[in-house]
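As structure tokens, the structure follows; a few thoughts come after it.
The values are calculated or read from the model by the stated rules, or taken from the named source; none is laboratory data. Keep in mind the model is a prediction, meaning the values are calculated, not measured. FYI the Cβ positions are ideal-geometry reconstructions off the backbone, even for glycines, and counts take in every protein chain you see. In case anyone asks, the SASA skips ligands and DNA or RNA and just uses the protein heavy atoms, side chains included. Shrake-Rupley method; radii C 1.70, N 1.55, O 1.52, S 1.80 Å.
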Amino acid sequence: MEGQTSFHSEVFPNMGFGFNGRKFTVATLEWAPFVVALPNNTYTGLCFDLLEHMASSLNFTYEVVEPSDRQWGILNANGTWTGLVGQLEKWEVDLVAAPLSAQAKREEVMDFTYSYYIDYTTIIMKKPDPYEKKWRTLIDPFSEQLLLCVLISLPVMSLLLFLFERFSPYYAREDDGEGMGGLHTYQDAFWYMYGALLTQGGEYLPQSQTGRTLLSSWWLFCIIMMATYSGNLIAFLTVTKDKPPFTTVAGMIQMDNYRWGTIGGSSWIDAFNETKVSDFKKVWAGMLRFNASDPSVLSPKSSVHFDKVLAGDYAYIGDKTQMEIKMAEECSLLMADEFFLPLQYAFGFPNVSPYTKIFSDELLYVHESGLLHIWKTRRWPQRSFCASELVTVAKTITLVDVQSAFYLIGIGLGLATLVCGMEKVAFWYKSRFKSKQAARHRKSVCSGLSMNKDSTENANNLKSTTKS
């Protein structure tokens, strides 16, 4: 006999009620805009938007606590963990709702859910004072290498022009020295080439084909250089561009006047401490060196690091998102171009927790439904433009912008005074040398006349004696 059993009630009726109103202990740490602390031990932010949604859909309540050491979690020498990770390791809390970065070592003592946000590590610094290097306005349009090449080309080409003009067979028939063109001395050749570089030309032109061929190539060189320089100079005078002191980690560690730091007790500590990348090793060595005299470089509070950045000569290594939000509030901050050490933010559970998959599935649903993007748009502040970023009117050139031109006048006056003094010394030396030569000549002439006079007197005396 075959039969069929039917049930008119659910065997496990509570399965449809999620966690059936269970109260979870949730650990967190403030990290805007993911977690923002409010009065009366309440919190808001992207993480708590997620938590509120899951509490509603999975039917649970929660209370929020913070770790006593206010750290995210690093491995101690005795093998235990600090901060949020330590709370999960000891089963003191049920879950962590915070931007906790997933790491292989952390996953040995805890579980991570599906990553709800991916971020990157970067560096933030204070913008350099735009007036600090305004004296470089005239040399900024060219790089240092290009300026060096131009400065070397001028004396070298002047020497070649002088040699070609001096030893050209064309002038062999010029017996009277006419037609030399004034370029047969290095000094004249140098000033002619210098004038051509400034697109001013000179009084004389070489008459030999050798000199003209060399000079034509120099003219083309000068046209290209001056056209490029003039265009870039106009851009430098009219457009303000913030040039960072460095743009990469390698550039930062070469700055002798800069210090840097990061969040103490975070994943960055383990990442820099255990890295095999040479530049990151130098970063960690610098942090340890700076921490010996200034423990705030490893402060767990991001506000401390931002204050140090605003004070100057300090670089803060942290997550890109928080730096972008701070830059929207503070126009004097500048972010490096390099992004490194990717961060995968996820919720945390105790090791081998049966709830990990349930929460991961719900987080995946939130991500696919677009709710996460909506919450992010609401929590992330809109980018505010600084006053100097949008230029709607022509910029007035001030004295500060062209101060280097006046410096050139002063340098020229100083060099002219120095050359004048050298010329006077040379003239005085030549005049004294010539006067000494003239005096010796007169003395020799007088001595000769005196000897002739004595000889004449002796001859006359001899004649008188003979007559007697």
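For the residue pairs 23/357; 105/320; 126/301, the C-alpha atoms sit more than 20 angstrom apart in 105/320. Legend: residues 233, 146, sorted from most to least accessible area (1.4 Å probe; ligands, DNA and RNA excluded), read 146, 233. Inter-part distance, the range 302-331 to the range 94-111, computed on C-alpha centroids, equals 26 Å.
Amide H contacts for residue 332 (H built 1.01 Å from N in the peptide plane; partners 5 or more residues away or on another chain; cut-off under 5 Å): none found. Let me know the shape class of the range 45-114, please: from the alpha-carbon gyration tensor, a ≥ b ≥ c as square roots of the eigenvalues, rounded when a/c is under 1.5, otherwise prolate if a/b is greater than b/c, or oblate. Prolate, because a/c is 1.5 or more and a/b exceeds b/c. At the residue level, residue 65 shows approximately 50 square angstrom of accessible surface with a 1.4 angstrom probe and all protein chains present.
Label positions at residue 369 and residue 167, each projected 7 Å from the Cα along the C-beta direction, are separated by 8.9 nm. Extension gain, residue 104-residue 148: 0.36 nm per intervening residue step, less the Cα-Cα distance, totals 10.8 nm. The accessible-area ordering, largest first, of the residues 53, 305 stands as 53, 305, per a 1.4 angstrom probe.
Of the solvent-accessible surface of the range 88-206, computed with a 1.4 Å probe over protein heavy atoms with every protein chain present, carbon and sulfur atoms account for 58 percent. The distance between label points at residue 227 and residue 377 comes to 4.9 nm (points 7 Å beyond Cα on the Cα→Cβ vector). Summarising the amide proton neighbourhood of residue 59: residues at separation of 5 or more, or on other chains, whose placed amide H is nearer than 5 Å comprise 19.
Probing with 1.4 Å while keeping every protein chain in the model, the per residue accessible area of the range 257-351 equals 41 Å².
Where does the charge balance sit around residue 248 when Lys and Arg score +1, Asp and Glu -1, over other residues with C-beta under 11 Å from its C-beta? Within the 11 Å Cβ shell, the charges total -3.
Counting Lys and Arg as +1 and Asp and Glu as -1 over every other residue whose Cβ lies under 14 Å from the Cβ of residue 378, the net charge comes to 0.
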